[in-house]
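To start, the structure under review is shown below, and the notes come after it.
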Amino acid sequence: MPPRVGVVGLGYWGPNLARNFDDLAELAWLVDTSPDRQEQFATRYPNATVTGDLEAMLADDSLDAVVVATPVPTHYELAKRVLDAGKHVMVEKPPAMHAAEMDELVELAGARGLVLMPGHLLLYHPGVRKLKALIDAGELGEVLCVYGNRQNLGIVRTNENALWSLGVHDLSVVLYLLDEDPEIATANGRDFLTPGVEDVVFCYLRFPSGKIAHMHLSWLDPHKMRRLTVVGREKMVVFDDMELERKVTVYEKSPWKRATTYGEWQTRSGDIFIPKISTDEPLRLECTHFLELIAGDGDRDKVARDGARVVRALEMLTTSLDG
Ligand SMILES: NC(=O)c1ccc[n+]([C@@H]2O[C@H](COP(=O)([O-])OP(=O)(O)OC[C@H]3O[C@@H](n4cnc5c(N)ncnc54)[C@H](O)[C@@H]3O)[C@@H](O)[C@H]2O)c1
């Protein structure tokens, strides 16, 4: 029997999740506070129960899991109610706005033996998986720094700054690749268009291992960039999500010292490789992973703890940006 899943929040993103869980599991409940959305989705999914009443869904003993795709400020409260009701939960990013709230969710999920999975979509991108595989296999040598570019002209948000709207994606990837908590996480930015909402943000992170990372987040920029660069001592690699065919490029470029010279740094430029990257849909992989965790495959505690690491770093960056 496939797990029975409910989706809460049927705005822009929730329907994509509903579509996937309808294919991969049994889409049993759809919840949205908007009567218009309820009406629309009742027609689209006649076998699901569509309602605005979250408690009615949570009272269904045969429901296994809930996916939360509502606005960020509601995530913590909704996830807590879902876990309290004994259901597994996948929550869109970030699952909480404060580290203490996220820790509470992690603890609750652990105590109840439930899955708490944050919806960090980019972690399921085959290009990002390739970066991780290259790093973990030691292909790049010691990783020195990572930097992300997530820029464009628009979409100008007025309710969420560039750190929260764009930065969560890159932050989740940087922390996934380096697998460390930053000891320093600072952000600078300006609210040029909407008072109080930073549209241009520069973030700096430093890790106990000495690695550093940077993120440029902006919707006030001439370039549309979705790029992450990893610099290793032996090779360097770029993940560029704007590219269709060369998502990942590995450069055999590095500094080295010629034995015959007096310690001067030379540089080496070798081949450039473009590994084949699968075109599997990251969202489908993400939803499949949630179902695998429910089935007992994979490390559900690590998934929850990694989510908490992102919220902790996000809180450090936010405090710095506000300060
Ligand atoms: N992973 C991604 O790439 C990605 C992309 C877009 C959005 N998101 C995330 O998805 C979430 C939703 O974003 P969106 O753009 O779809 O927002 P949205 O505003 O378009 O939709 C939110 C929906 O939730 C409903 N809602 C609000 N409060 C509710 C409540 N308490 N109970 C039930 N329904 C409620 C609203 O009526 C609305 O239909 C956000 O966390 C966002 O960060 C993720």
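Select from the stretch 82-101 the residues that are surrounded by 16 or more Cβ atoms within 10 Å (Cβ to Cβ) and away from the ligand (no atom under 14 Å from the Cβ) and list them in ascending order. Once the filter is applied, which keeps residues that are surrounded by 16 or more Cβ atoms within 10 Å (Cβ to Cβ) and away from the ligand (no atom under 14 Å from the Cβ), the stretch 82-101 yields LEU83, ALA85, LYS87, HIS88, ALA99, GLU101.
Across the stretch 82-99, the number of residues qualifying as β-branched (Val, Ile, Thr) and either in a helix (DSSP H, G or I) or free of Cβ contacts under 8 Å to residues at least 24 places away in the same chain (or both) comes to 1. Checked against the criteria, MET102 does not count as touching a residue at least 40 places away in the same chain (Cβ under 8 Å) and not in a helix (DSSP H, G or I).
Scanning the stretch 34-81 for residues that are in a loop (DSSP other than H, G, I, E, B), surrounded by fewer than 20 Cβ atoms within 10 Å (Cβ to Cβ) and among the hydrophobic types (A, V, I, L, M, F, W, C) gives a single hit, ALA59. Looking only at residues of the stretch 1-33 that are open to solvent by less than 20 Å² (accessible area, probe 1.4 Å) and more than 20 Å from ASP53 (Cβ to Cβ), we find that the one that is nearest to the chain's Cα centre (by Cα) is ASN20.
Looking only at strands (runs of 3 or more DSSP E) that lie completely in the stretch 137-223, which have at least 1 residues being among the charged types (D, E, K, R) and over 22 Å from GLY307 (Cβ atoms)?
Ranges flagged: 184-190.
Among the listed residues LYS276, LYS224, which satisfies the condition of being free of Cβ contacts under 8 Å to residues at least 12 places away in the same chain and more than 30 Å from LEU108 (Cβ to Cβ)?
Working: LYS224 fails: free of Cβ contacts under 8 Å to residues at least 12 places away in the same chain.
Being free of Cβ contacts under 8 Å to residues at least 12 places away in the same chain and more than 30 Å from LEU108 (Cβ to Cβ) holds for just one of LYS276, LYS224, which is LYS276.
Screening the stretch 127-182 for residues that are closer than 18 Å to ASP241 by Cβ and open to solvent by 60 Å² or more (accessible area, probe 1.4 Å) and picking the one that is nearest to the chain's Cα centre (by Cα) gives ARG129. Against the condition modelled with pLDDT of 95 or more, more than 16 Å from the chain's Cα centre (by Cα) and part of a loop (DSSP other than H, G, I, E, B), how does ASP301 come out, does it pass? The answer is no for ASP301. Checking each residue in the stretch 203-221 for being free of Cβ contacts under 8 Å to residues at least 40 places away in the same chain and either within 16 Å of LEU153 (Cα to Cα) or surrounded by 17 or more Cβ atoms within 10 Å (Cβ to Cβ) (or both) picks out TYR204, PHE207.
Mind checking which residues of the stretch 105-126 are assigned to a helix (DSSP H, G or I) and within 15 Å of the ligand (Cβ to nearest atom)? Write out each step before concluding.
First, the residues of the stretch 105-126 that are assigned to a helix (DSSP H, G or I): 105-112, 121-124, 126.
Correct list: LEU105, LEU121, LEU122, LEU123, TYR124.
Out of curiosity, is ASP191 free of Cβ contacts under 8 Å to residues at least 24 places away in the same chain, away from the ligand (no atom under 16 Å from the Cβ) and surrounded by fewer than 19 Cβ atoms within 10 Å (Cβ to Cβ)? So ASP191 does not fit the description; no.
The values are calculated or read from the model by the stated rules, or taken from the named source; none is laboratory data. Every value quoted in this text rests on a predicted model; they were computed, and no experiment measured them. Virtual Cβ from ideal backbone geometry, glycine too; neighbours counted across all protein chains shown. For the accessible areas, the whole protein counts, side chains as well, though only heavy atoms, and no ligand, DNA or RNA atoms are used. Shrake-Rupley method; radii C 1.70, N 1.55, O 1.52, S 1.80 Å.
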